[in-house]
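Everything below concerns the one structure shown next.
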Amino acid sequence: MLRLTLRNLLARKVRLVMSALAIVLGVAFLSGVLIFSHGLSNTFDNIIKGSTPDAVVRPIGTESFGQSAPSTLTVTPADVSRLADLPEVAAADGSVDGTGLFLLDGAGKLVGGQGAPTLAFNHAGSVNMLGEPILELRDGRWPEQPEEVLLDHNAADRGGYHVGDQVRVIAPNGDLSRTLSLVGTADFNGGGTAGAVLVIFSTPGAQQMFLGGRDAFTSVNLTAADGVSQARLVAAAKTVLPDGFTAVTGDTVVDQSQDAIGQFLGVISTFLLVFAIIAVIVGGFIIVNTFSILVAQRTRELALVRALGASRRQVTGSVLIEALVTGLVATTVGVALGLALARGLAALFRQFGLDIAASSLTLTPRTIVLSYVVGVLVTLVAAYLPARRAAKVPPVAAMRADLVPKERSLRRRTLIGAVVLLLGAAIAVAGLFDPPGNDAAWIGVGAVLWILTVAAISAALGHPVLVVCRSVFRRLFGTPGQLAGENALRDPRRTGATASALMIGLALVSLIGVLAASLNSSVDDLVDEQFNADFVVQSVAFTPFSTGVGDKLEHVPGVGIMSRQQFLAAKLGGVDGSSTFIAANDDRFSRIYDLDVRSGRTTLQPGEAFVSKDAADKHHWRVGSRFTLSFPGGGTLTPTVVGVIEPSQVAGQINISLDDLESVGVQRQDSSVSIRLAQGADAATVQRALAKVVEPLPIVNVQDKDDFRDSVRGQVNQLLYMIYGLLALAIVIAVIGIVNTLGLSVLERTRELGLLRAIGLTRRQLRRMVTLESVAIAVLGAVLGMVLGLVFGVLLRQALSDDLTSLGLPLGQLVVFLVIAVVVGVLAAVIPAVRASRLDVLRAIATE
Amino acid sequence: MTDVETAVAASTVDLHKTYGSGDSEVRALDGVTLDLHAGQFTAVMGPSGSGKSTLMHCLAALNAPTSGKAVVDGVDLSTLNDTRLTTLRRERIGFVFQAFNLIPTLTARENILLPLSLAGRRPDEAWFDTVIDAVGLRDRLGHRPSELSGGQQQRVACARALVSKPRIVFADEPTGNLDSTSSGEILAFLRRSVDEFGQTVVMVTHDAVAASYCDRVVFLADGRVVDELADPDREQVLEHMAALQSAAMNLVD
């Protein structure tokens, strides 16, 4: 039996290669994502471990890689030497970390751009936990003079700088645009910077740039003396610390950093994994279909084997072994391809500045095991139903002439399907009426039920779509068109199953399309309603910028009212409270923005705050409530709530007075500057003047209402296109399914095609016929998918109506999807159509 | 002899067809020169492997000869490319095969009109009616092949072969799969189409009864025309066949 199975495998290799390809691609994506994620977290681990000393002295409440506001607290050289004098301490290196510095390339464009941060600090010569220098010189020498800097080699490359060049930077204060001399390049010991730009100063250089020339430090790196544990080192350091500072062990810093980075990396990995899983599932659909057809084709042979004495179990087993071998081979190829894909992903991320060492993109046992389990399991599960059907072939079928067994009626399946559809609809609709748990999750469960059921009963559901296709084809393409339509209708199960693979992809694409369109339309509404300023000046990456910018903007002629706003992280409650983003507004904020006030007022005096309705509900605040905010360095604020507002795009959840910030030791910067025109000023003229002010600062731009809307839309669309790109893989796999099905249909209908050719179907007409059948399948998949996507997109939007206040339907996009489906159909038919038209007419009609 | 009888609907000149090469070379046709007269019902007979099917395929523009000439309705087939050949088959040739004659997804009516609709031509309604009544299928036009008996399916095939008014109809063992009653109906119809409609029919068969419906029987053996009979009856055909068989046996001995 085993030998027969293996013979079968070889005999049908083309078919098998095609169906295996679906699994290969799915597994390649899966293993590629796993390898890539592993490489990504390896890269960060190496950087974190390689750059963390035995212990760090830093302001209370700051976190490495965390989102804490820069503190104005510093330690003096005397504090540092007190630490250095401790017997537990081998070395104490004062460190100056600066924010608000940006590197420009020769053309004045920002290096690093979005995403990864620019880290500016002094070269303190510290060593990490493993006793290695944190920084390794690659090229040139360390900086000595205040005007000398080093860059990491990657940033130097991206900026087009060589040692000896003058480097352009944007300084955090004073004269914003400056040039410094590049005297060398250096990298973190752990290798790579994961896209961050390193700007390394001499200690006096950093102090001049960030501390106004004061001889002070923002933190201290401690190296333990021989035999001193991190815990003892920290305990000793704590005895001599200045106010507002604490000491933490290197291990804690590493843990905190890994947590923070891990969350971010987890989001990326999960995001990619979701698409990998979708690809694998679509691949599974294709396996089901291919094995069904293979079994149907072999009915007579299987019956013969049964007649000769093979048991049902042996027949099922033989089909499953075939699936097992297919799964194993496909997974092996898939994993190898995944390795290449991971390199590709790494190269793509390098474009965004995230540098991942190729050496860290390795196959781990976990990746290999997971890929094989998923690849082989999906293939086996998908082949199980066809395998069972194979066993049901009665031995007598070997003697009968009619090769293909009569398909069972679709009625029972359709009926059960209809019931499940109703159940799914009930669950999804229940999601709209505040059920226990997450609304969206209810709808998600409904959607999954629907997708699976629609796939199962696509044979019945697809009928009307195919009938429409047939009559359109007949009208447009005459008899070959009609024949194509008839062919698509002839085996509804096969057509439906093939279309289902495409359906999944298009359902997701349409669903995402509806959500994105709704998001865009909600943003439009919000912007229309709330964007009361004439201009907003913000930085591209939402990084705060020097207050010097606002000082200059204020003096531009035509500027009527100007309001400054700083966004920052603070902790709610004590130092150990939860981190939250707050906005600090100046007193002119409420004169520009017409906020929707539910109770109280939005004009703030120092010591007052207004909050959004959501925050008020969450924390049980009313007008008159008081709460505590803690800031890095230990400063606290206890503002009184004076107003509650409806959710707003321009205000924060918690808004305090800008005047309070300096008193709690937070470095003042601006995150957003809003401007209203003076009476009679010409908007265009003023905008030009404002733009001229920020011209030397590529990170900051001036936006009017339309620009603002476009920039928000741009972000939504960027994400949308990324998702579409990832879903394209699922569609490619679906195309393979169509190619497969068509190829088999052509093979099965050899005699019929020969007859048609004999009585006058030209090659061209034959190719057109096969192509149109393919288009019919693709359109069916697209229509089913789009209907599903639309229905659940609308339901999901309803469930998320707090954020997606307005429903948007991407009608234009849906038309594009349909056109793409037609193109997909045409492309999928190329090979089968050519093969069909090359059929030997004689062999086709020759009687046996 | 009248003009109609002397006119040639199709002809071959020194037609050769060989398959394979070297030791495995098979000469399916070995120099066949033959005129098929218009308005005649001709049978091509011969033992298995005599080349009768190959001859028909070459004449019907389904297969290209190795050398020699095949002419249909005055057109030398070797001068046409695949598309022109297809058009020629569609417009000037009718086919009836032994089995699997119909497209299962189309109704009887659609099957009959298929050559016309592939060419984008409208049927001649009066002629269509005449043909339908001649094959007696009027009440079956809306049925699909799976709902028709074998004999009915072959009648649909005959109707399809005639409806485009071809210059010549090729029938390849049209009764090979049928019982004797249905066979009789089909053969009577083909006979009528020659007598009443002036159609030219060439039929490959190894059934002496079928051959007895014809005006002329051409006997093939080893790829050559070895004999022919005019206005044969069953006994004559059987005698000739037996002679051919024994000649073949002698050769083997």
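Summary table
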item: Per-region count, the stretch A:144-168, residues open to solvent by less than 40 Å² (accessible area, probe 1.4 Å), acidic (Asp, Glu) and modelled with pLDDT of 90 or more; result: 1
item: Unique match (being among the β-branched types (Val, Ile, Thr), open to solvent by less than 20 Å² (accessible area, probe 1.4 Å), touching a strand residue (DSSP E or B) at 6+ places or on another chain (Cβ under 7 Å) and closer than 30 Å to A:ASP97 by Cβ) among A:ILE675, A:ILE645, A:ILE654; result: A:ILE654
item: Among the residues listed as A:GLY227, A:GLY213, the single one being part of a loop (DSSP other than H, G, I, E, B), open to solvent by 30 Å² or more (accessible area, probe 1.4 Å) and under 25 Å from A:LEU73 (Cβ atoms); result: A:GLY213
item: All positions within the stretch B:191-235 that are touching a helix residue (DSSP H, G or I) at 6+ places or on another chain (Cβ under 8 Å), open to solvent by 50 Å² or more (accessible area, probe 1.4 Å) and part of a strand (DSSP E or B); result: B:VAL226, B:ASP227
item: Which numbered condition B:PHE170 misses (of (1) open to solvent by less than 20 Å² (accessible area, probe 1.4 Å); (2) within 18 Å of B:ILE103 (Cα to Cα)); result: (2)
item: Output for the stretch A:186-205, where each listed residue is open to solvent by 10 Å² or more (accessible area, probe 1.4 Å) and assigned to a strand (DSSP E or B); result: A:ASP187, A:PHE188
item: B:ASP133, sole failed condition from (1) out of contact with any Lys or Arg (no Cβ under 9 Å at 6 or more places or on another chain); (2) free of Cβ contacts under 8 Å to residues at least 24 places away in the same chain; (3) within 14 Å of chain A (Cβ to nearest Cβ); result: (3)
item: Flag if A:LEU796 is within 30 Å of A:ALA441 (Cβ to Cβ), open to solvent by 10 Å² or more (accessible area, probe 1.4 Å), out of contact with any Lys or Arg (no Cβ under 6 Å at 6 or more places or on another chain) and in contact (Cβ under 8 Å) with a residue 24 or more places away in the chain; result: yes
item: Strands (runs of 3 or more DSSP E) lying entirely in the stretch B:2-121 (those with 3 or more residues that are crowded, with 17+ Cβ neighbours inside 10 Å and within 14 Å of chain A (Cβ to nearest Cβ)); result: B:93-96
item: Every residue from the stretch A:50-74 that is in contact with a strand residue (DSSP E or B) (Cβ under 8 Å, 6 or more places away or on another chain), among the hydrophobic types (A, V, I, L, M, F, W, C) and at pLDDT below 90; result: A:ILE60, A:ALA69, A:LEU73
item: Helices (runs of 4 or more DSSP H) fully within the stretch A:662-765 counting 2 or more residues that are within 26 Å of A:LEU553 (Cα to Cα) and among the charged types (D, E, K, R); result: A:683-694, A:705-748
item: Meets criteria (open to solvent by less than 10 Å² (accessible area, probe 1.4 Å), charged (D, E, K, R) and more than 38 Å from the chain's Cα centre (by Cα)) for A:ARG306; result: no
item: Members of the stretch A:744-757 that are open to solvent by 10 Å² or more (accessible area, probe 1.4 Å) and more than 14 Å from every other protein chain (Cβ to nearest Cβ); result: A:VAL746, A:LEU747
item: Out of B:ARG155, B:ARG167, B:ARG140, B:ARG191, sole residue that is of a type in the set (D, E, K, R), away from chain A (no Cβ under 12 Å) and touching a Lys or Arg at 6+ places or on another chain (Cβ under 7 Å); result: B:ARG167
item: In the stretch A:559-598, the residues that are under 34 Å from the mean Cα position of the chain (by Cα) and among the β-branched types (Val, Ile, Thr); result: A:VAL575, A:THR580, A:ILE582
item: Checking A:LEU508 against (1) modelled with pLDDT under 85; (2) open to solvent by 10 Å² or more (accessible area, probe 1.4 Å); (3) assigned to a helix (DSSP H, G or I), the condition it does not meet; result: (1)
item: First in the stretch A:320-339 and assigned to a helix (DSSP H, G or I), second anywhere and of a type in the set (Phe, Trp, Tyr) and surrounded by fewer than 19 Cβ atoms within 10 Å (Cβ to Cβ), Cβ under 9 Å, 6 or more apart; result: A:LEU320/A:TYR384; A:ALA323/A:TYR384; A:GLY327/A:TYR372; A:LEU328/A:TYR372; A:THR331/A:TYR372; A:THR332/A:TYR372; A:VAL335/A:TYR372
item: Residues satisfying the stated conditions in the stretch A:758-772, i.e. touching a Ser or Thr at 6+ places or on another chain (Cβ under 8 Å), within 7 Å of chain B (Cβ to nearest Cβ) and open to solvent by less than 10 Å² (accessible area, probe 1.4 Å); result: A:GLY760, A:LEU761
item: Test: residue in the stretch A:540-551 that is touching a Leu at 6+ places or on another chain (Cβ under 7 Å), buried (at least 19 other Cβ atoms within 10 Å of the Cβ) and in a helix (DSSP H, G or I); result: yes
item: Flag if A:GLY160 is more than 25 Å from A:LEU130 (Cβ to Cβ), in contact (Cβ under 8 Å) with a residue 12 or more places away in the chain and over 36 Å from the mean Cα position of the chain (by Cα); result: no
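Condition check ((1) touching a Ser or Thr at 6+ places or on another chain (Cβ under 7 Å); (2) assigned to a strand (DSSP E or B)) across all residues:
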residue: A:ASN154; (1), (2): yes, no
residue: A:GLY164; (1), (2): no, no
residue: A:GLN207; (1), (2): no, no
residue: A:ASN221; (1), (2): yes, yes
residue: A:ASP251; (1), (2): no, no
residue: A:ASP255; (1), (2): no, no
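Condition check ((1) at pLDDT 85 or above; (2) farther than 13 Å from B:THR42 by Cα) across all residues:
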site: B:LEU137; (1), (2): yes, yes
site: B:GLN152; (1), (2): yes, yes
site: B:GLY176; (1), (2): no, yes
site: B:GLU185; (1), (2): yes, yes
site: B:ALA188; (1), (2): yes, yes
site: B:ALA210; (1), (2): yes, no
site: B:ASP215; (1), (2): yes, no
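The values are calculated or read from the model by the stated rules, or taken from the named source; none is laboratory data. Nothing here was measured: the structure is a model prediction, and the numbers come from that model. Because the Cβ atoms are built from the backbone with ideal geometry, glycine has one as well, and the counts that use them run over all protein chains shown. Remember, those area values only see protein heavy atoms, side chains included, never the ligands or the DNA or RNA. Shrake-Rupley method; radii C 1.70, N 1.55, O 1.52, S 1.80 Å.
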